[in-house]
Amino acid sequence: MDEQILAVQRMQDYIEARLFEPITLAQLSQVSLYSPWYSYRLFKQQTGLTPADYIRRLRLSRSALRLRDKGGKIIDAALESGFGSVDGYQRAFYREFGCNPHEYAENPVPICLFIPYGVKFREIGKEQVFMENVRNVFIQVISKPARKVLIKRGKTATEYFAYCGEVGCDVWGILTSMDSLCGEPVCLWLPEQYRAGGSVYVQGVEVPEDYDGSVPEGFDIISLPAAAYLMFQGEPFAEENYPQAIREVQQAMDRYDPSLIGYAWDDRNPRIQLEPVGTRGYIELRAVKKL
């Protein structure tokens, strides 16, 4: 992989590890192994943001999640985020999210969080994956209740990279800001009856069946019935190996015969993908019905 990409990734990793500490361009230069001026240029070229803007937006997004989940005093959130005053924090929060942090803490609404995608993963996604050692895939039956899903439709996308090309990657930030039945956003492959002329592959967040809250602009809401799913979970993996981790689980799913445990595939319900997280292994769910 290009050394310049790796240099920017090292800076991103450094920021993530020390997000709420003072971070200088000199420190980023040390980890990038380039001069401060060239480090600044590389970072902006690859991320679209200056290091200062990247850090500010990431701190604000993390503070928003803290306010949503734990509440607390606005002054504590401001100081933790590196702002010298509540006024400065409030102004920055409003510019970023379009709402006041105090109002957001009392009534969290969908906002577009900043999601810091690692630059090296863009390059890894373009590389051909070679399967070497097939590892264990764990399978279990789970039940999902009747529920609604707030989704952002694409046009013709059938997988993640095409979807991002159609709708952009910011949608994940909006979904992450919302409370979810399963604790995180989901990606779905929709059966025909749910597509409404849009893409097969969508991203969304599962909410209760009686949800009557706000729906972000440009989103749709669909209702899904209660259903049983087989959850396929791979072993933990190094983050840079996510393409292989996904391939292993999907190949195991393709080979698996659910009749061995008294089920058949139920393709009337969406297939579900969770965000690839190395520490837990890659997870996909496919609906089943009793034979």
To the nearest 0.05, the calculated FRET efficiency linking A264 and D53 through their beta-carbon distance, R0 being 45 Å, is 0.30
Counting Lys and Arg as +1 and Asp and Glu as -1 over every other residue whose Cβ sits under 11 Å from the Cβ of D266, the net charge comes to +4
Label point at E192 placed 7 Å out along Cα→Cβ; residues across the range 228-265 whose backbone nitrogen lies under 20 Å: 265
As a test of the formula, what do you get for the chain when each DSSP H run with n ≥ 4 contributes -39,500 (n - 2.57) and the sum is divided by the residue count, at 222 nm and rounded to the nearest 500 deg cm²/dmol? -11500 deg cm²/dmol
Net charge dipole size for the range 3-106 [Lys, Arg +1 and Asp, Glu -1 on Cβ; Debye, nearest 20]: 120 debye
Extending each Cα 7 Å along its Cβ direction at N107 and F161, get the distance between those two points in nm, one decimal. 4.3 nm
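How much of the pair distance distribution for the chain lies past 36 Å, counting alpha-carbon pairs only, in percent? Please list the in-between numbers first.
Values: 9723 of 42195 pairs.
More than 36 Å apart: 23 percent of the Cα pairs in the chain.
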Partner lysines for K44 [C-alpha distance under 27 Å; skip if fewer than 8 residues away on the same chain]: K120, K126
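Between E16 and Y256, what FRET efficiency follows from the Cβ-Cβ distance if R0 is 35 Å, with the result rounded to 0.05? Let's see the in-between values first.
On the way: r = 36 Å, r/R0 = 1.03.
Computed FRET efficiency for E16 and Y256 comes out at 0.45.
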Over the chain, relative contact order from alpha-carbon pairs under 8 Å, at least 6 apart, %: 16 percent
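Values quoted throughout were computed directly from the atomic coordinates according to the rules given, and no laboratory measurement underlies them. Small disclaimer: the values here were computed from a predicted structure and weren't measured. Virtual Cβ from ideal backbone geometry, glycine too; neighbours counted across all protein chains shown.
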